[in-house]
Structures are given as structure tokens and as C-alpha cells.
There are 2 protein chains.
Amino acid sequence: MFNKRTKIKTLLAGEFVGQDVTVMGWVRTFRNNQFIALNDGSTNNNIQVVVALGMLDDATLKRITTGASLKITGEVVASLGKGQKVEIQAKSLEVLGDSDAEKYPLQPKKHSLEFLREIAHLRFRTNTFGAVFRIRHSLAFAVHQFFNERGFVYLHTPIITSSDAEGAGEMFRVTTLPMEGAPRKEDGGIDFGEDFFGKSTNLTVSGQLEGELGAMAFSDIYTFGPTFRAENSNTTRHLAEFWMIEPEMAFYDIEDNMNLAEEFIQYLIRYAMKHNAEDLEFLDQRLAEEEKQKPQAERSEMGLLEKLRFVVDNQFERITYTEAIDILLDSPAYKKKKFKYEVKWGIDMQSEHERYLVEKHFKKPVIVTGYPAAIKAFYMRMNEDGKTVAAMDILAPGIGEIVGGSQREERLDKLEQRMKDMHIPTEEMSWYLDTRRFGTVPHAGFGLGFERMVQFVTGMGNIRDVIPFARTPKNCEF
Amino acid sequence: MFNKRTKIKTLLAGEFVGQDVTVMGWVRTFRNNQFIALNDGSTNNNIQVVVALGMLDDATLKRITTGASLKITGEVVASLGKGQKVEIQAKSLEVLGDSDAEKYPLQPKKHSLEFLREIAHLRFRTNTFGAVFRIRHSLAFAVHQFFNERGFVYLHTPIITSSDAEGAGEMFRVTTLPMEGAPRKEDGGIDFGEDFFGKSTNLTVSGQLEGELGAMAFSDIYTFGPTFRAENSNTTRHLAEFWMIEPEMAFYDIEDNMNLAEEFIQYLIRYAMKHNAEDLEFLDQRLAEEEKQKPQAERSEMGLLEKLRFVVDNQFERITYTEAIDILLDSPAYKKKKFKYEVKWGIDMQSEHERYLVEKHFKKPVIVTGYPAAIKAFYMRMNEDGKTVAAMDILAPGIGEIVGGSQREERLDKLEQRMKDMHIPTEEMSWYLDTRRFGTVPHAGFGLGFERMVQFVTGMGNIRDVIPFARTPKNCEF
């Protein structure tokens, strides 16, 4: 067994003074041929290893460079240095892997996020990305724990799909046909009958419709998987491949749905605050420094930790779409013609409108309900007024839409009528309609974009910095 | 709020006698116009609801059919019926959704698995699939809990990839180019520079290589995501889309790797045995009945629960590939020429060989190590003998290979040589080689096919019956 070691997180949290331990990790810095800051990724904190003068020959000392990997055994002693309770007095040191200081791209200095994005395979080794991806892990675990505690069944809905009815966006084709000389039908069109699945297939944009099938048996299910949009959006908020969480609950109305979504978001934030306190403090300071570079007017009113505390300590604001439009029409921004896009009942609110509501007007997350049917998907439940649907979007400060959901239309006749109105073929969707034919029940669900949630909790401004390897237009590295 | 109800699992586990409760669910059976067996998916057990004679009019009674959804309020009373401690004396009953008994495909009788596969959108409502997918949920949660407890970081490796170096199998193309009239380069070839990502892209076959990048920063990471094979395999063991778990650990050798994999599998089984006892009992009986239909010689020696207990109570057998070949050559099966495929050192063992080892010879899970380099992937660490690699496969009774893993080749010169020998372009993989250039460390990892694990725990013979919506050649429904 090679791996008999103590992780640095364990070491820093425990009572090891006077004991011999073995640690393994990568050198962050090496000062005065004596002090090694070693990191193993279990925490952002390094352990300081003290090498007695004369213990190592010059050749070995030269190999202790930033990025090199070491195996060190020594005694844990109380540290006199500031910011650390303990350090290790090395008794033996082995260089496992060298790192040529001339060539190693990560030097012990500040690198730009843009540069680090280009070396995404190495950026995990920085403090910023170490913190971001440990928090991402925590949030993912909290997602599963939240639903597991509540008896939800985790359902793996399909990634490759022949259905394109959700209409959530442009899709990627999945095929094994040759791009040149694909087989043809008699009428000259491509013969997808010859494709792997015997039909035309795409990458999923949502697991919701399949999720509903599960909810009609297990009562409560959730998905957590990758979803795809083939949209040419080069923004800080869009990815072609991202992860989404989609719970779907039988016997829920729109109010139950809002309650669950709010509880869920607060649970995730509390979990990270409890389990990633150090990483959040680091990111809080990082963001504060970033903000200092901005002009006064563009700076956030709250720091990262302050914002997170505020969100878990306060209820989300709940307003109707109609109220939202009234607030916008009554706003100084509208009156001073500061909005680029039109404001009137019936519009699909733009980012600038949503930001005004959450960042200027309410200064906290807002749940908007009762959207015009015309701008929402076919499966959303029609309200009594015949013109709005029981949809809900949750808007978060700095992020915009973080959750989209609705009570689903459980009435077969109304659903079929709406599908016809929206030119969605009911025959192909017969399996979906079966849930309304056989024991239909009021039900609801929502989708949470996982990366947007990670952005919200970490304060990272660009969505490409919260997913390990971003897929965006013209970019598919690693 | 609509959803003020008590879930049936909670009701059956708690002390509710004398209290009024509201339950919601779907009718499984309705006997004598009096006894409703109601199920809400929280457990395979139904709650019996007793409707007093004369309480409901005839029209309502007729609507209480198999599959209909009901909302019932009533008092919980001790039950005289066998197999149930409590039942509900209905005080009010509302039919939420009808289910036409003439048309509902799920009748209260035994349906074949083949038939249920065709109505996969409804099969969740059966006892068998209710049990299978609740266990699948539990196993998925246990995966996350196992790694979270051990400080592993959950890494979402990319689904769309431009790398095809792993060579694990045929890949699906992902594209937004038109299938007819795709843009051409000057030399006449398809111009993938015009494709969404500016190059040719595929669905991933493994997240391992990206996982290694994470391990070189966080020490321990794992993936749990969908992977794809465009192989025309119409078997009970293959899917075109399946979920895989791939942990990757820095500072691990092959022995550490084996220890972790064995501990992991036993942990998953124990978790299901603890949290899904009722579902496993049901599946144990289901399998016993299925086995009875087989000729004596083909029946399993152990029942499902017996097998699971055996696996968690006993260490896995560990042998080398060379020992495995010797056992096969020395076997009665070989001597009687019962093997269809050749046996000699150097072969890629076939299913019949693996089954002999685990089912006939050792009768328990077996870890085979030290495979010939020639039949294994480029990234596996070369052993001192220069002809075998530090690979390991775990073979399970009734399933075959359930885990494949290895210590990775961390020595840059040896890795580059092997890539050259196997015609893998080193320039394109420069990001991967960087982990060996900068602070390389001994490391290892493995992949567990999640559906095979679910098969093993549930005893389901066909892999299509343990994933919600199977994707196989010429099949992409729902």
C-alpha cells in the first residue's frame, strides 16, 4: 500500500502535535531553502513543512519547486508562524514528481481568470478554483441529500432523445451516419431509419417530461444530469452543456412548488456555509478585491457572505407577473428611458428588467408567478383567467433566472387543446398524454440550473469558471 | 397548499392509530366495493382504505378502478387483515383522476418484463419496477455518500468531447451541421471548422482522462455521469447510454485501488440492504419464482439476498491474470472442451471464462490483476516484467465485469513511448501529458458500470430493466 498518509485537512483539524505523520501533495511555495507550503487539495490551506538546514543535498533542494510533488514524513509541532497552528518538522522527504520552474504555467503569483481558463487542466491547483470546485462538490452532495431526506427518487432521464417537444432551445444532433454519403430514402431525404437508433435523435434539453412519468408512480422524483443547448450564445451566463436539477412532484400545486424551491435553495446555501466556511471566506475576499477594481456605481452593495446570509435569513419576495410589469412601468428607470427593451404586459422580461426587480427594487430573490400563457411552454397549467399560466421563475441578484418551473396541466382536454394550438404533435407524445389518461393528478416541478447556483454561491462572474471544462461555441477543449 | 398529506411509507412506519390522516395515491385494486389498496410509490406496500357501505354513490364507486388517483381522508385504525398493521376508515374520498379499466394497460395481474419494457412510461407503477428504481435511487445516493465521507470531490467531466484517445469503443457524433449539404473544405472533406464547436465532436466514452486532471489537484475525485457506446450490441448486458462512476486517486497504487473498489461495492450493497429491505425481499421472491421456471442445472445456487449477504461478508478473491489462465487450463470445462473460445496466456478473457472463474471456481467476486499490456489501454502502468500492466477487473457472479481499473502510468517517458507504440497522437494529448510533466504522482482509478451494479443488487437479468428508458440499437423511445 502506497497511500498511508494523513490528508492536510485532517491534520489541520485534528490533534497531532507530537506525532509523526506522512503527508503527500504539491509544493505551492518554497522559501529560504527551508519552508515548504504543501497542498493536497483537501483544503485551500497549506501545511508548512520545515526542512532543517543541511538535511537535504543541494540537488534535492533544487527539485523542490512550485508544482513538484512530495512525500514527507515528520513530526507535527506547534507553529510560531502566523496563520497556522501546526507545522511539520521533516524527517524524510522524497520528490515524487518534478516540475520545471521554467515551464510550469502556474507561478506563485496572481493569474487572470482568462489565462486560467486556457489551462483549465491545471487551474484546479489554484486557490480560487480549488475553492470553487470544492463548493461545487458540496452543493451537488447537498442536492442529493436534500431530496433523499424527503423521499424523492433520483431518476436518470435519457440524454439521447428522439423527442423535441419541449422546445426549450436548439438541439445537437446525435448520429452514427457518415457526414458524407449518408443513406437516402426514395424521396431523396436522409434515411434516419439507417441511423443507430433507427430515427433522428438529439441531446436532451430537459428531463422534465420523462420526470413527470416517474412522479406519476413514485410521487416525488428528481433528475440531476447534463442538458444541452446548441445556441450560439457567447455570454457569461450560457453554456452549451450544463447540469440541471429537475424535481417533479405529484399532488403539488404552484404554491407547494414555490415553497419547495425556496426551501431547496436556502438548504443548498446553508449546507455550503456550514461545510465550506474557509473556501467561502477566501472567495468573499477575492470578490471584494475584484469589486474594488470597479467604478463605485457598479459595485455590489453586499459582499458574498453577506449576500448568502441575507438570502437564507429572509423569505423570497413573491409577486405576480402583472405586479412585476406594474413595478417596472412605475420605476425611475422606465421613466428615464433607461431600459433598452420595451415594457408592457405580455413581454418576455429581459435580463435588464429582471435585474431591476431583484437588484434595485426588492434587493433579494424574487419569485414571479402567473406569466402570460403566450410566452410559456405547452405543459404549464392554464389559470382561471384563461390567459396566464401557473408558471414560476425565481430571479436571483447578480444571476437572473435561476429556477423556472410550473404547475403542470393535468387536465387532458386542456392539455391536448393547447398542444394543438401550439402545433405540437399529440400522436408522438401519446406516452406523455397517458399520464393524463390514467390517474392524472395535480403536479408541479421546476428546473434549477446547477452552474448558475454555483455562480451564485461562489460569486464567480463567468459561468465558464464554475464548470470543470466549459463547452461553448467554438470551444471544446480537454 | 394542495399537498397536505401523509406518505404511505410514513404511515406504515409510524404510530397513527386514532388519528385522522389524508393520503393520496393510485388504486392498485378495489375489492367488494369496499377495500381499496392504495399506493403512492413511497413504498411497495399499499395502504388499505375501507369505504363504508353506502358512503359513496354508485357513480363514484365505478370510478374507483385500477390506476385511478384518489385523495382520501379518514381515521387510521388497527387492521384485522393479514399482512397489514393498520388501515384507513375513509371519511371522505375524492377521485382526482380516472383510469378507464378497458384501456389501462396495467391490469392487476402478472405482466411479462418484455411487455412492460414497451410501456416503460407506466412500468414504474408495478411492484417489480417500483422496487428496482427505489433501489437504484438508494445505490446512487450511497455512491455520493461513500465518496463524500472520504473527502472525494465530485467532478462533472464533459459529455461532449473532441478527444477520442481513450479508445473504449465506437462513438456517437455530436453535430449541428446539416446532414445534407454540410460545408466542405477546399479538399472536398467536411469542414468541421463550421460545426458548433469548430471541430469534430463526440459523446464521451469515459471521464477518466479528465478525472485524472482533477485528482492531480484534489487528490481524490470521482465522476458519476452518462457515458456512451455506439456499438451494435443487442445483449442483456449492453446499453448505448449508461451511467458510470469513475473515481481517480492520487498517491494510490494498484493495491490501494483494489481495496477501495472492494470497500465501495460492499458499502453499496450494505446500504441497499439497510434502506431497501422490503424491496429486496420482494425481488428475492420474484427471482426465486423466475428461477423455478428454469431447468435445475441452470438455476442459481444462491437466492438474491443470500448472494448479497455472501458478498458483504466475504473478501473478494484476488488473483493474477496468469493464475486465472492456469485455473482455466486446469479446469474440467477446458479439458472437456466446453469453452467456445481459445484459452492461452495473452487472450482477452471471454464472458464464458470469467463466469467459470466466479460462478464455478471461486463462487464469489474475483479481482484479476496483471493483464497482458497488449490487450489493455495505453494509460495503464507497465509492470516490472515489461509485459503486463497494473490493471484490475472485478468480476461478479451473474454479471461478469463490473469494475475495470488500473494504476495509471505516471512516468512521462514510459507513457509517451507507449502512446507512440499504440499510434496515439501525443500532441493532441498534451494537456494529459502535462500531469506527468508537472508534479506527477503514483495514482490509480477505476470505473464501475452503474447499471451492472443495479443488476447485481436487484437480480434483474436484463440491463434494460434497471435504467428508466433504455437506449439500444434501433430503440430510443420516450
*asked:* Name the residue that is least open to solvent (accessible area, probe 1.4 Å), counting only residues in the range B:242-258 that are more than 22 Å from the chain's Cα centre (by Cα) and acidic (Asp, Glu).
replied: B:Asp256
*Determine whether B:Ala377 is over 30 Å from B:Gly459 (Cβ atoms), assigned by TED's automatic domain parsing to the domain that holds B:Met302 and more than 24 Å from the chain's Cα centre (by Cα).*
no
*For the range A:56-72, what are the residues that are closer than 10 Å to A:Ser99 by Cβ and either among the β-branched types (Val, Ile, Thr) or at pLDDT below 95 (or both)?*
A:Ile64, A:Thr65, A:Thr66
*Quick check: is even one residue across the range B:414-426 in a helix (DSSP H, G or I), within 13 Å of chain A (Cβ to nearest Cβ) and in contact with a His (Cβ under 7 Å, 6 or more places away or on another chain)?*
no
*If we scan the range B:453-474, do we find a residue that is in contact with a Phe, Trp or Tyr (Cβ under 7 Å, 6 or more places away or on another chain), open to solvent by 20 Å² or more (accessible area, probe 1.4 Å) and basic (Lys, Arg)?*
yes
*Among residues belonging to the range B:2-47 that are open to solvent by 40 Å² or more (accessible area, probe 1.4 Å) and either touching a Pro at 6+ places or on another chain (Cβ under 8 Å) or on the phi > 0 side of the Ramachandran plot (or both), point out the one that is modelled with the lowest pLDDT.*
B:Phe2
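Mind telling me which of the residues B:Arg309, B:Arg229, B:Arg286 ends up being more than 21 Å from B:Lys363 (Cα to Cα), out of contact with any Ser or Thr (no Cβ under 9 Å at 6 or more places or on another chain) and either touching a residue at least 24 places away in the same chain (Cβ under 8 Å) or not basic (Lys, Arg) (or both)? First the steps, then the outcome.
Values: B:Arg309 fails: more than 21 Å from B:Lys363 (Cα to Cα); B:Arg286 fails: out of contact with any Ser or Thr (no Cβ under 9 Å at 6 or more places or on another chain).
Answer to the check: B:Arg229.
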*Filter the range A:383-398 for residues that are farther than 30 Å from A:Leu308 by Cα and not acidic (Asp, Glu) and give the result.*
A:Asn383, A:Gly386, A:Lys387, A:Thr388, A:Val389
*Within the range A:427-439, how many residues turn out to be open to solvent by 50 Å² or more (accessible area, probe 1.4 Å) and within 13 Å of chain B (Cβ to nearest Cβ)?*
2
*Output the residues belonging to the range A:167-199 that are open to solvent by 30 Å² or more (accessible area, probe 1.4 Å), more than 9 Å from chain B (Cβ to nearest Cβ) and within 22 Å of B:Pro226 (Cα to Cα).*
A:Ala168
*List every residue pair whose Cβ atoms lie under 8 Å apart, where the two residues are 6 or more positions apart in sequence or sit on different chains, the first residue falls within the range B:259-275 and is surrounded by fewer than 22 Cβ atoms within 10 Å (Cβ to Cβ), and the second residue, located anywhere, is polar (S, T, N, Q) and assigned to a helix (DSSP H, G or I).*
B:Tyr271/B:Ser138; B:Tyr271/B:Gln145; B:His275/B:Ser138
*Only one of A:Val343, A:Val311 is closer than 22 Å to A:Ile254 by Cα and β-branched (Val, Ile, Thr); which?*
A:Val311
*Count, please, the residues in the range A:440-478 that happen to be at the interface with chain B (Cβ under 7 Å from one of its Cβ atoms) and under 23 Å from A:Val312 (Cα atoms).*
0
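Residues are listed down the side, and each one gets a yes or a no for (1) more than 10 Å from chain A (Cβ to nearest Cβ); (2) open to solvent by 10 Å² or more (accessible area, probe 1.4 Å):
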| position | (1), (2) |
| --- | --- |
| B:Glu94 | yes, yes |
| B:Ser99 | no, no |
| B:Gln107 | yes, yes |
| B:His111 | yes, yes |
| B:Glu118 | yes, yes |
| B:Phe129 | no, no |
| B:Arg134 | no, yes |
| B:Asn148 | no, yes |
_Hits in the range B:436-470 (condition: assigned to a loop (DSSP other than H, G, I, E, B) and more than 30 Å from A:Asp98 (Cβ to Cβ))_ = B:Gly459, B:Met460, B:Gly461, B:Asn462, B:Val466, B:Ile467, B:Pro468, B:Phe469, B:Ala470
*asked:* With closer than 29 Å to A:Arg136 by Cβ, touching a residue at least 24 places away in the same chain (Cβ under 8 Å) and out of contact with any Cys (no Cβ under 9 Å at 6 or more places or on another chain) as the only criterion, which of A:Asn45, A:Asn3 stands out?
replied: A:Asn45
*asked:* of a type outside the set (Gly, Ala, Ser), within 15 Å of the chain's Cα centre (by Cα), surrounded by 24 or more Cβ atoms within 10 Å (Cβ to Cβ) and within 28 Å of A:Val23 (Cα to Cα): is that true of B:Thr227 in this structure?
replied: no
*Can you tell me which residue within the range A:380-407, out of those that are within 30 Å of A:Gly461 (Cβ to Cβ) and charged (D, E, K, R), is surrounded by the most Cβ atoms within 10 Å (Cβ to Cβ)?*
A:Asp393
*Residue by residue through the range A:211-268, note down the ones that are more than 27 Å from A:Asp313 (Cβ to Cβ) and among the β-branched types (Val, Ile, Thr).*
A:Ile221, A:Thr223, A:Thr227, A:Thr235, A:Thr236
*Counted residues, the range B:295-317 - those being crowded, with 16+ Cβ neighbours inside 10 Å and among the charged types (D, E, K, R)*: 2
*Scan (1) more than 14 Å from chain A (Cβ to nearest Cβ); (2) surrounded by fewer than 19 Cβ atoms within 10 Å (Cβ to Cβ) for the single condition B:Val51 breaks and write down its number.*
(2)
*Out of (1) surrounded by 21 or more Cβ atoms within 10 Å (Cβ to Cβ); (2) assigned to a helix (DSSP H, G or I); (3) charged (D, E, K, R), what's the single condition that is false for B:Glu410?*
(2)
_B:Leu328 vs. criteria crowded, with 18+ Cβ neighbours inside 10 Å, aliphatic (A, V, I, L, M) and under 18 Å from B:Val454 (Cα atoms)_ = no
*Pick out the one residue from B:Gly130, B:Gly193 that is more than 23 Å from the chain's Cα centre (by Cα) and in a helix (DSSP H, G or I).*
B:Gly193
_Candidate set from the range A:208-239 (those that are at the interface with another protein chain (Cβ under 7 Å from one of its Cβ atoms) and assigned to a loop (DSSP other than H, G, I, E, B)); member that is nearest to A:Ala470 (Cα to Cα)_ = A:Ala230
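Among the residues of the range A:136-146, count how many are more than 7 Å from every other protein chain (Cβ to nearest Cβ) and open to solvent by less than 20 Å² (accessible area, probe 1.4 Å).
Qualifying residue count for the region: 6.
The values are calculated or read from the model by the stated rules, or taken from the named source; none is laboratory data. Just so you know, these numbers come straight off a predicted model, no measurement behind them. Positions of Cβ are backbone-derived with ideal geometry, glycine not excepted, and every protein chain shown enters the neighbour counts. Side chains are part of the model used for accessible areas, which takes the heavy atoms of the whole protein and leaves out ligands, DNA and RNA. Shrake-Rupley method; radii C 1.70, N 1.55, O 1.52, S 1.80 Å.
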